[in-house]
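Chemist: This is the structure I want to talk about, given as structure tokens.
The values are calculated or read from the model by the stated rules, or taken from the named source; none is laboratory data. Since the structure is predicted, the reported quantities are computational estimates derived from the model, not experimental observations. Cβ coordinates were reconstructed from backbone atoms using ideal geometry, including for glycine residues, and neighbour counts include every protein chain displayed.
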Amino acid sequence: MGNVSRRLLLSFCLLANGAIAAAESLVQEVPRCVADTTGLSGVERRLLALPADSWLALPGTAFRKFCEANAVPALEANGGCRMAIEAWSGGVFDDDRRQMLVMGGGHMDYWGNEVYGFSLANGRWRIVRPASRVAAGTLPSEPMPDGAPVSRHTYDSLAYMRHLGQVFLFGGAIAPNGYSENTTWWFDPASARWQAKATAPRSGVGHYYMATAYDPQTQQVYIRNERGFYAYDPASDRWSWPLVDFSVRPYYPRQQTNHYRRAVVMPEARLFVALGGVLANPAAPDVFIYDLERKRDVTPDYPMRGDLSVIATQGVGMDVDTASGALVAWAGGAPAIMDPQSWTWRRGSARGAPPKAVGNGTYGRFRYIPYLNVFILVNKPEEDVHFYKPTAGCGPAAPTDARRREPDAGTTLSR
């Protein structure tokens, strides 16, 4: 008997016992696949209808056109707002408001700390939070006068904490000096407010080269960087530091690497997987796998096979296809798809895909959207937003209220 049938049977039993209110509450909480397109936008319907192993570009959605139309000259630094993508910048998908969030810049590349959102409700970019202002004759510093974090290379330092509806941010190369800070930040997309949280212990070399992933079961955020593997608990606002130390043997020196990497949590397998770059002596993809249940490094237990060229790329984009359990990685052209049973990588279709990734990495700007069973890709600033459909049909169950929530008003550019 399927989940829906079991729910209906339980609801009938509750009704028979006179528990009408309880039954109605139970039925309202039943997640359902979005084969029912009620409340979805035209963009979302197009994405649902895509055939398997196919790409779609939405015309008129290039990021650069929008950001330059809203540029603040005092924040341009050496590169301008396009560096919110090009300067080692990541992204995160806001499930509740159906939007891809992008923030970046940092160092001397770009000083704007605005948060951009690409909404699936209307297929448009908007400014979720405007940039903090810099007074004439001054440089940006942490925190900014309005209490927001300073602009930075975000790498893979962003995660969406679903149970809180908040974005996690940590580390990165900040404007204007390229140093990193130890402050943990939360961003609320609903109110467009930043909040400074716990200060993490110092690593001795700064906080760069992060691979970050949120685990919905423990409701914690896990990070692998060049020095170790750490956990952040938002409930207590505390860090566990470190769970694995890469500065000691047997990890040192081979796995203490300055690689631009990306991480995900495989929810069914209960594994944290970080990858990107190539280890030396002998040459092999830089992969780290941690068992969140057994609380130990299990990398040797999961040898990867097949076409490993994509996962060996620094700054690779990657996410979990939760409909199939597969990992899907992208670094230009055809995506790489990993079978979660055999851990073998193969290539998907390159037809319609951007041929090359932006120079300094993709990171979290390639994200899986479960309710649509599709990946979103924000690549080069002058390119349209792309989508990749791994398999046909709708995705796994998704709460109805999350599907229908409209993004808040903001600055937009019509397609």
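Chemist: Could you say whether any residue in the range 156-167 is without any contact (Cβ under 8 Å) to a residue 40 or more places away in the chain and out of contact with any Gly (no Cβ under 6 Å at 6 or more places or on another chain)?
Modeler: no
Chemist: Then there's this: Report yes if Gly277 is without any contact (Cβ under 8 Å) to a residue 40 or more places away in the chain and closer than 21 Å to Leu158 by Cβ, otherwise no.
Modeler: The answer is yes for Gly277.
Chemist: On the basis of being surrounded by 14 or more Cβ atoms within 10 Å (Cβ to Cβ), part of a strand (DSSP E or B), in contact with a Gly (Cβ under 8 Å, 6 or more places away or on another chain) and at pLDDT 95 or above, does Trp194 make the cut? Working first, answer last.
Modeler: On the way: surrounded by 14 or more Cβ atoms within 10 Å (Cβ to Cβ): yes; part of a strand (DSSP E or B): yes; in contact with a Gly (Cβ under 8 Å, 6 or more places away or on another chain): yes; at pLDDT 95 or above: yes.
Yes: the conditions hold for Trp194.
Chemist: If we scan the range 267-280, do we find a residue that is crowded, with 22+ Cβ neighbours inside 10 Å and closer than 23 Å to Trp55 by Cβ?
Modeler: yes
Chemist: Which residues, counting only those in the range 43-83, are small (Gly, Ala, Ser), out of contact with any Lys or Arg (no Cβ under 8 Å at 6 or more places or on another chain), in contact (Cβ under 8 Å) with a residue 40 or more places away in the chain and part of a helix (DSSP H, G or I)?
Modeler: Matches in the range 43-83: Ala69 only.
Chemist: In the range 101-114, how many are surrounded by fewer than 24 Cβ atoms within 10 Å (Cβ to Cβ) and among the aliphatic types (A, V, I, L, M)?
Modeler: So the answer is 1.
Chemist: Scan the range 66-93 residue by residue and report those that are surrounded by 24 or more Cβ atoms within 10 Å (Cβ to Cβ), in contact with a Phe, Trp or Tyr (Cβ under 6 Å, 6 or more places away or on another chain) and of a type outside the set (A, V, I, L, M, F, W, C).
Modeler: Matches in the range 66-93: Gly90 only.
Chemist: Additional query: Filter the range 93-123 down to the residues that are closer than 16 Å to Met161 by Cβ and either among the basic types (Lys, Arg) or assigned to a loop (DSSP other than H, G, I, E, B) (or both), then identify the one that is nearest to the chain's Cα centre (by Cα).
Modeler: If we take residues in the range 93-123 being closer than 16 Å to Met161 by Cβ and either among the basic types (Lys, Arg) or assigned to a loop (DSSP other than H, G, I, E, B) (or both), then Asp95 is nearest to the chain's Cα centre (by Cα).
Residues checked against (1) farther than 26 Å from Gly117 by Cβ; (2) out of contact with any Leu (no Cβ under 8 Å at 6 or more places or on another chain):
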{"position": "Arg270", "(1), (2)": "yes, no"}
{"position": "Val278", "(1), (2)": "yes, yes"}
{"position": "Gly325", "(1), (2)": "yes, yes"}
{"position": "Lys356", "(1), (2)": "no, yes"}
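Chemist: Regarding Arg133, is this residue out of contact with any helix residue (DSSP H, G or I) (no Cβ under 8 Å at 6 or more places or on another chain), part of a loop (DSSP other than H, G, I, E, B) and among the basic types (Lys, Arg)?
Modeler: So Arg133 does not fit the description; no.
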